[in-house]
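Here is the structure we will look at.
The values are calculated or read from the model by the stated rules, or taken from the named source; none is laboratory data. This structure is a prediction, so every number in the text was calculated from the model and none was measured. Using ideal geometry, Cβ is built from the backbone for each residue, glycine included, and neighbour counts are taken over all protein chains shown. SASA here: full protein model, heavy atoms, side chains in, ligands and nucleic acids out. Shrake-Rupley method; radii C 1.70, N 1.55, O 1.52, S 1.80 Å.
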Amino acid sequence: MKKIAIAIDGPSGAGKSSIAKALAKSLNIIYVDTGAIYRTVGLYVYRNGVESRDKEKIISMLPDISVKLAYIDGAQHIFLNGEDVSGLIRTETISRYASDVSAIPEVRAFLLSLQRDMAKETSVIMDGRDIGTVVLPDAEVKIFMTASAEVRARRRYKELIEKGESVVYEDVLAAIITRDTNDSTRATAPLKAADDAVILDNSEINAEETLNRVIDIIRSKTQE
Ligand code: DC
């Protein structure tokens, strides 16, 4: 297979990462989860007791942050100043921090080359919010994966309950709506579909059917 880049963008909870992971495995190419990069910056800010909206302070901290990605047994691991923080970035607090720090243009600029470099030499599936629009505008395949806020909240709620967390559905839905608004209304690289992206709304279909549709899209785009 010749080198290709597959960009999957969309709001949180649309199932991008599960689909991207499954695809990366079957195509034997790497999966780059760019949300993890923003989460790692969010974690650094949180650990240092800085408020997630303190823009000036966060910008001044960037030179102290080193974010690196590595693949161990096929899984992405993320390192913050040499420490593997992969297991520490998936909390609700860090989700909020990631969403806030990602609205700062200087943070986005700081993380751009790291993301582009990942796709320079090898084929990738990269998911995020601005992959098709900003990070990899020349990607061969661009998919904008979405679902209604209610469907995404229901899936997330189920996941959290299965993990043994005590959460209320309405709170999960409110957090999703806040994050959507935050991510899609920011001035720099907001969440939006690229003009040449295929929109895939999976509100009414399950993960297996979503994967099948994605495979069809990739096939049609790579045979054009
Ligand atoms: O995909 P995720 O939920 O792990 O992403 C966490 C936050 O990072 C999300 O709320 C917005 C931000 N993000 C971004 O701005 N651009 C990306 N390419 C990926 C994530």
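The single condition among (1) part of a helix (DSSP H, G or I); (2) under 17 Å from the mean Cα position of the chain (by Cα); (3) not β-branched (Val, Ile, Thr) that GLU208 does not satisfy is (2). Screening ALA207 with (1) within 16 Å of the ligand (Cβ to nearest atom); (2) open to solvent by 40 Å² or more (accessible area, probe 1.4 Å); (3) within 24 Å of LEU23 (Cβ to Cβ) gives one miss only, at (1). Is there a residue being in contact with a Phe, Trp or Tyr (Cβ under 8 Å, 6 or more places away or on another chain), open to solvent by 10 Å² or more (accessible area, probe 1.4 Å) and within 11 Å of the ligand (Cβ to nearest atom) anywhere in region 90-97? Within region 90-97, one or more residues are in contact with a Phe, Trp or Tyr (Cβ under 8 Å, 6 or more places away or on another chain), open to solvent by 10 Å² or more (accessible area, probe 1.4 Å) and within 11 Å of the ligand (Cβ to nearest atom).
Residues in region 164-200 that are open to solvent by 60 Å² or more (accessible area, probe 1.4 Å) and within 16 Å of the ligand (Cβ to nearest atom): ILE177, THR178, THR181, THR185, ALA187, LYS192. Among the numbered conditions (1) assigned to a helix (DSSP H, G or I); (2) open to solvent by 30 Å² or more (accessible area, probe 1.4 Å); (3) of a type outside the set (Gly, Ala, Ser), the only one that VAL41 does not meet is (2).
With respect to (1) away from the ligand (no atom under 11 Å from the Cβ); (2) open to solvent by 40 Å² or more (accessible area, probe 1.4 Å); (3) of a type outside the set (S, T, N, Q), the lone exception for VAL134 is condition (1).
Scanning region 47-80 for residues that are open to solvent by 80 Å² or more (accessible area, probe 1.4 Å) and outside any helix (DSSP H, G or I) yields ASN48, GLU51, ARG53, LYS68, ASP73.
Among the residues of region 116-126, are any of a type in the set (A, V, I, L, M), surrounded by fewer than 19 Cβ atoms within 10 Å (Cβ to Cβ) and out of contact with any Gly (no Cβ under 7 Å at 6 or more places or on another chain)? Within region 116-126, not a single residue is of a type in the set (A, V, I, L, M), surrounded by fewer than 19 Cβ atoms within 10 Å (Cβ to Cβ) and out of contact with any Gly (no Cβ under 7 Å at 6 or more places or on another chain).
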